[in-house]
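Below is one structure, written out as structure tokens; the observations come after it.
We did not get these values from a lab; they are worked out from the coordinates using the rules stated. Keep in mind that this is a model prediction, so the values were computed, not measured. Cβ coordinates were reconstructed from backbone atoms using ideal geometry, including for glycine residues, and neighbour counts include every protein chain displayed.
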Amino acid sequence: MRSFIKKISLLDILLLLGVLGLYGTSFYSPLLFHTLAEIFRVSVAVAIFMLVWNVRRSLDNAYLLFISIAYMFVCGLEIFHALASQGMGALASDEPDLAAQLWIAARYLEAASLFLAPLFLGRKLKIRAVLVGFAAAMSLLLAAIYWQIFPACIAGGGAPTLFLIISEFLIVLVLAASIVFLARRKDRFDPLVARYLVTSIVFSILSELSIAFYFGGRGFPFLLGHVLKIIAFYYIYKAIIETGLAKPLAVLYRNLKASEQAAARLNEELDARVRERTEDLRRANELLSLEINDRYRIEEDLRRSEKKYRVVADNTYDWEWWKDANGQFIYVSPSCRRFTHYEAGEFQADPDLLLRIIHPDDRSAFSIHENEVETTRSSGRIELRIVRKDGAVRWLAHFCQPVVDETGRLSGRRGSNHDITEQKRAEESIRESEHQLRRLSSRIMAAQEAERRRVSRELHDDLGGALAALKLQVSFIEKKIRPEDAALRKECRQVLENIDQVIDNVARISRDLSPSILEDLGLVPALRRLVDNFTKAYKIKVASDLADVGTSFSKDSLIMIYRIIQEALTNIGKHARAGNVSVKVRRANGRYLFSIEDDGQGFDVPAAKAKRADEKGMGLSTMIERTRMLGGALDIWSESGKGTRIELAVPVQEKDGE
């Protein structure tokens, strides 16, 4: 409460007393009340305009200047409104419609000015153009009213016209829009100024709503509307004069004083920096003297380093050379004799000798390599053969990099050559060994398939027949058991069930070892049976989409494809802990794509492939080897908790003769 009382100024108290006194005059004469209210508003508007006009050159807020000019012309219309009021007799007509037209014209001009004023924030106001614009607007409104072009506001019986009612509410909407427009740019105002401007517009809105009920009589709404209008003008005064002009000038003087103090501090800082700079220059001169002495020592060190470099370069094991931008040899290490049986001087005398000793089959690749190094300004490596002076062929690993000067211009190339003949021989030997191992692996897998077929036939023919005979014997025994031996009969039935299970297992193992359906009906029926058996064995849902492969693969290829998919499903059943599996076969771009995917626990693929052969087992190794034998590609993706996807891509091939 105390803080609120402290905020009340003497001017606020005078306004309150003036409003109460003005209200008291309404009991004596409503016309006197109306005239005094108009005089107050006009006085405020004139005072605002005169004060702002005199400080316009130092005022940086175009909004306030625009509003002060606008309210000057608004009050010009209000003077005509006051003179046209009934009972004044100042104008030729004493009809209430004329006063109402002038009032509405003044309100339209006021609302439009408040709505447009935020557009001038941050801009330089062209005062002459604004004055001419408002004068023209006021003149047009007066002319329209005088020549009776302006719509009627009061009907014959004293009732307001539809135009008047719509105008009042339209003016209220425009004033409300001006508040929104002003709020969006409130950062351009002092918070108190913005608050006063919004308060003034709010009181103008309340005044319009109150006076909207006046027409047809001068009752309380009429009095309240004019009082609210006085308060609205009062807050415009506080925003523009008391807060927008008086306080900023005080702030301006404080800022000037602060600027003087800041300038003094800057002068002191500048003097200190000059002293520091002088000291820095003195130290720099001392350092320069030391640097000159160091330069002499560095030059001597460089001479010694050059001598050491020459010793190292001339005695390096590799063959080193350096060409300039024109292809001339600047330096060739003596080790070139061990590589080529040519002397270094022979290369320097004949730069084309290098290209001539390169094996004819490698010259084109070497030329492309040199061109790429020059074009991309980056180092490169190439393996090539040279023919020595004695006719022997040697393999070299040639490293080449561009040499650029301090400006970035290419000044030559540096080459380094390492003899890798023995390495190439070892690689060839390894490749031959791998080739032999792969042939052996292929034969082992073929023998393995043959052995599987033999074991499958023996299981099916011998063991299957023996089990069938055993089942018949047990069935015969069961029939001979007397009815009263129920326990023994039950045991016989249990034995028969066990024999049936063994027969089923033997049949399944026989099919897994050598699926005869693969040879009889083809790959897709065999895969369907494999999927059915997998579902029964592991109780895992399988969704299959199998495109027919027809005669696209040989018998051996079909077996290898079948084994890869079989191994994948077996691994899923044993290790994946999956709930759903998808098996797909489709053809695309001359290849058949076989995809097996599950939603199980997944595994670390790189870690599994990185294991030694004795650690990772035969499953993954045989899948990879069979894929290689098919000439296809095996892609394995897996992530912990997200399942595994295996994709086998096999190119379509002509079916081999059987």
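Relative contact order (percent) for the stretch 316-419, with alpha-carbon contacts under 8 angstrom and 6 or more residues of separation? Please report the intermediate quantities before stating the final value.
Working: 192 pairs, mean separation 29.5, N = 104.
This gives 28 percent for the stretch 316-419.
Along the principal axes of its C-alpha atoms, what lengths does the stretch 518-658 span, in descending order and rounded to whole Å?
42, 33, 27
Which whole-number percentage describes the relative contact order of the stretch 518-658, with Cα contacts under 8 Å and a sequence gap of 6 or more? Spell out each step's value before the answer.
Details: 230 pairs, mean separation 37.9, N = 141.
Relative contact order here is 27 percent.
When the dipole is taken about the Cα centre of the stretch 518-658, and only Lys, Arg (+1) and Asp, Glu (-1) are charged at their Cβ, what size is it in debye, to the nearest 20?
With only Lys, Arg, Asp and Glu charged at Cβ, the dipole is about 340 debye.
Charges only on Cβ, +1 for Lys and Arg, -1 for Asp and Glu: so what's the dipole of the stretch 316-419 about the Cα centre, in debye to the nearest 20?
Values: 14 positive and 17 negative charges, 35 e Å.
I would put it at about 160 debye.
The stretch 316-419: Rg/Rh from Cα coordinates, Kirkwood Rh? Don't skip to the end; give the middle numbers.
On the way: Rg = 13.1 Å, Rh = 13.8 Å.
Across the stretch 316-419, the Cα-based Rg/Rh ratio is 0.95.
For the stretch 580-597, take each phi angle, set θ = phi - 60°, evaluate the Karplus expression 6.51 cos²θ - 1.76 cosθ + 1.60, and give the result in whole Hz per residue in order, putting x for glycine and proline.
In residue order, the calculated couplings are 9, 10, 10, 10, 10, 9, 8, 10, 7, 6, x, 9, 9, 10, 10, 10, 10, 9 Hz.
Using the structure shown, select from Lys471/Lys574; Lys389/Lys424; Lys536/Lys609; Lys126/Lys186 the pairs with a Cα to Cα distance greater than 26 angstrom. Could you put the intermediate results ahead of the total?
Details: Lys471/Lys574 32 Å; Lys389/Lys424 21 Å; Lys536/Lys609 31 Å; Lys126/Lys186 22 Å.
Pairs exceeding 26 Å: Lys471/Lys574; Lys536/Lys609.
Highest mean first, what order results for 66-79, 562-575 on Cβ atoms within 10 Å? Working shown, then result.
Numbers: 66-79: 23.1, 562-575: 19.6.
Put in order of decreasing packing, that is 66-79, 562-575.
In the stretch 518-658, with Lys and Arg counted as +1 and Asp and Glu as -1 at Cβ, which of these residues, Leu558, Ile572, Pro525, has the Cα nearest the positive end of the dipole, that is, farthest along it?
Selected residue: Ile572.
Name the residues whose placed amide hydrogens come within less than 5 Å of the amide hydrogen of Ile154, ignoring near sequence neighbours (fewer than 5 apart) on the same chain.
Amide H to amide H, under 5 Å and 5 or more residues apart or across chains, Ile154 pairs with Thr161.
In nm, to one decimal, how far is the modelled label at Ala177 from the one at Arg128, with both set 7 Å along Cα→Cβ?
So the label points at Ala177 and Arg128 sit 3.1 nm apart.
Please rank Met629, Met623, Met138, Met50, fewest neighbouring Cβ atoms within 10 Å first, as an exposure proxy. Display every interim value, and only then the final one.
Numbers: Met629 16, Met623 22, Met138 19, Met50 11.
By the 10 Å Cβ count, ascending: Met50, Met629, Met138, Met623.
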